[in-house]
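Structure record follows, encoded as structure tokens.
None of the figures in this text is laboratory data; all of them are computed from the coordinates on show. None of the values given here were measured: they were computed from a predicted structure. Virtual Cβ from ideal backbone geometry, glycine too; neighbours counted across all protein chains shown.
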Amino acid sequence: MNLHEYQGKKILAEHGVNIQRGYVLSNKKDTIKVANQLVKETGTVWFVVKAQIHAGGRGKGGGVKLAKNLDELENIVSDILGMHLITPQTSKDGKLVNQVLITEDVYYPGDSEPEEFYISILLNRESGKNMIMYSTEGGMDIESVAENNPELIFYEDIDPLIGIIPFQARKISFNLGLSGKAFKEMTKFITLLYKSYISSDSSLFEINPVLKTSDDKIMAVDAKVTLDDNSIFRHKEYESWRDLKEENPVEIEARAVGLNYVDLDGNVGCMVNGAGLAMATMDLIKQSGGDPANFLDVGGTADAKRVETAFRLILKDENVKAILVNIFGGIVRCDRVAQGIVDAYNNMGDSINIPIIVRLQGTNAEIAKKIIDNCEFKVYSAIEFQEAADKIQELLN
């Protein structure tokens, strides 16, 4: 579950992390009220307006702007609210901006120049430990830094049973080239950031940039946070933070009926039971010359109603040219799945106008194959993986 910047910053602030303060609004008529409150609390003279969408690169698309007075602020808020913001991480149509975050300006003059750093926390699947990834190149696309200057990216694995220990936080501060007050502030920042990550059961915390101000304060200027959906039951308040307007409507519909669905960009829809088999099926589609259009795990209860719902979800994607159904019948009986496919075809009528390849293995697989082969619809049975791959290639060609 992705959060907006202002929501991620709220989690940080609750754990004592120093953040760039601000207020979120969805109605431009509240602009001056919010600005005056921010001035009262922070003393800021300038304001930063940030579009709140679930995508990076907002500044490149015009979604982050600086206002030097209240007139500029009103104009900028009016321009950004309601715009379709296009960034490198959105579709060509962009995302509608329903909210903006108005923050204090923290790049004020002082004894030294402000510096920007990159810090993220995520799971290192190779080591089975949490990992802090950090760089002196804050404010930039970390992918570009990794490609062009990999030596500027550092990693620190944290044992999840022990947690971050003081020397690791100091090591990170040292590698970032800090000293004096800034060194102590960064050490504290890293420790509290890790606490925020663990306490919120997040799968990603990305702060880009982390700012050293001109008077050596360390603060989070941005916050990209992804929560682990499997842990939401422990954080009831977070569920209410979910912004359905930012999510794929088909994925929302699938979640409501208990299906695991992820929308992709390909041309072959897939319906599978089990996440491992789904990943293997996606590889199969790719190797056969197609591209998976979705990840769809129907689970262990692939009855007629569930199969029909899955078909309807897949067919919402106009790019789908064929569907591969790949079911291993352990808990579920293959003949019931096959009958479910036929029943779904009957119920949906002309809605299914593309070919379906069905591979059913396991309990009553032979009976299932007869049901598929004897039906009058555009459904093709396969037994082996290679047979299914060849059929996909044939139909796509």
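If I take every Cα pair under 8 Å that is 6 or more residues apart in the chain, average their sequence separation and divide by the length, what percent do I get for the relative contact order?
12
For a bin width of 10 Å, list the pair-distance distribution of the chain built from all Cα-Cα distances, rounded to whole %.
Bins of 10 Å from zero give 5, 19, 24, 20, 16, 11, 4, 1, 0 percent of pairs.
Would you mind ranking Cys334, Cys375 so that the residue whose beta carbon has the fewest other beta carbons within 10 Å leads the list?
Lowest to highest Cβ neighbour count: Cys375, Cys334.
With 21 Å as the limit, write out which pairs from Lys224/Lys286; Lys9/Lys188; Lys316/Lys369 have Cα-Cα distances beyond it, or answer none.
Lys224/Lys286; Lys316/Lys369
Can you tell me the relative contact order of the stretch 306-394? Whole percent, Cα pairs under 8 Å, sequence separation 6 or more.
32
In the Gaussian network model of the chain, springs joining C-alpha atoms below 10 Å, which of Ala304, Ala182, Ala169 carries the largest mean-square fluctuation?
Its mean-square fluctuation being the largest, the pick is Ala304.
Sort largest first and round to whole Å: the equivalent ellipsoid semi-axes of the stretch 83-167, each the square root of five times a Cα gyration tensor eigenvalue.
In descending order the semi-axes read 29, 21, 16 Å.
Pulled fully out, how much extra length does the chain show between Ser231 and Lys68, if you take 0.36 nm times their separation in residues and subtract their Cα-Cα distance?
54.5 nm
Determine the gain in length on full extension of the stretch Gln386-Asn27; use 0.36 nm per residue of separation and subtract their C-alpha separation, reporting nm with one decimal.
Residue separation times 0.36 nm, minus the Cα-Cα distance, leaves 123.6 nm.
Rounded, prolate or oblate: pick one for the stretch 192-316, where a ≥ b ≥ c are the square roots of the eigenvalues of its C-alpha gyration tensor, a/c under 1.5 means rounded, and failing that, prolate if a/b is larger than b/c, else oblate.
prolate
Take every Cα-Cα pair in the stretch 1-90 and report what % of them are more than 14 Å apart.
67
Kindly put Tyr118, Tyr6 in sequence by how many other C-beta atoms sit within 10 Å of each C-beta, fewest to most.
Fewest-to-most ranking of Tyr118, Tyr6: Tyr6, Tyr118.
Highest first, please rank the peptides 391-397, 97-103, 239-245 by the mean number of other Cβ atoms sitting within 10 Å of their residues.
By packing density, highest mean first, the sequence is 97-103, 391-397, 239-245.
Taking a spot 7 Å from the Cα of Asp93 along the direction of its beta carbon, which residues of the stretch 244-286 have an amide N less than 19 Å from it?
Answer for the stretch 244-286: 244-254, 262-267.
Would you mind calculating the relative contact order of the stretch 248-396 from Cα pairs under 8 angstrom and at least 6 residues apart, reporting the percent as a whole number?
Over the stretch 248-396, the number comes to 23 percent.
Please report Rg (one decimal) and Dmax (integer) in Å for the Cα set of the stretch 248-396.
13.5, 38
Add -39500 (n - 2.57) for each DSSP H run of 4 or more in the chain, then divide by its residues: what number comes out at 222 nm, to the nearest 500 deg cm²/dmol?
For the chain, the value works out to -11000 deg cm²/dmol.
With a 10 Å radius around each residue's Cβ, average the other Cβ atoms per peptide and rank 355-364, 85-94, highest first.
So the order, starting with the most tightly packed, is 355-364, 85-94.
What per residue convex hull volume, in Å³, comes out for the stretch 353-397 when only alpha-carbon positions are used?
Looking at the stretch 353-397, the number lands at 61 Å³ per residue.
Based on the mean of other Cβ atoms within 10 Å per residue, sort peptides 212-219, 156-163 so the most packed one is first.
In descending order of packing, they fall as 212-219, 156-163.
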